[in-house]
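Have a look at the structure below before the remarks.
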Amino acid sequence: MSLDRSDVEKIAHLARLSLEEAQIDAYALELSNILGLVEQLEGAETDNVEPMAHPLHMAQRLRADEVTEVDRRDVHQAIAPSVESGLYLVPRVIE
């Protein structure tokens, strides 16, 4: 696909870019090259390719699900203005 000056000017306007007149032809060539590459990629045979979550075959290292900190709820709630049954009470904002 080949873009001309008017296409680049429309794209620049939509993207809110200000281009100098001397730059437009260079951008038209570069964008045309990018679109050509996309057309090449669209032609690649991908019917038997399995989707991957990551390009490398790696497994996520997970740590054991263990408690690492002591329970300090009582210490934190001691300075709260209003607490009931281990919950912070806040003023009602929606009636």
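If you go through the range 29-55 and pick out every residue that is at pLDDT below 90 and of a type in the set (Ser, Thr, Tyr), you end up with 1. The listed residues are 53, 80, and the only one of them that is surrounded by 10 or more Cβ atoms within 10 Å (Cβ to Cβ), part of a loop (DSSP other than H, G, I, E, B) and free of Cβ contacts under 8 Å to residues at least 40 places away in the same chain turns out to be 80. Checked against the criterion of being under 25 Å from the mean Cα position of the chain (by Cα), in a loop (DSSP other than H, G, I, E, B) and surrounded by fewer than 10 Cβ atoms within 10 Å (Cβ to Cβ), the candidates 16, 63, 92 yield just one match: 16. Condition check for residue 86 on (1) surrounded by 10 or more Cβ atoms within 10 Å (Cβ to Cβ); (2) touching a residue at least 12 places away in the same chain (Cβ under 8 Å): one failure, at (1).
The values are calculated or read from the model by the stated rules, or taken from the named source; none is laboratory data. These numbers were taken from a predicted model, which means no experiment stands behind them. In this analysis, Cβ positions are derived from the backbone assuming ideal geometry, glycine residues included, and neighbour counts consider all displayed protein chains.
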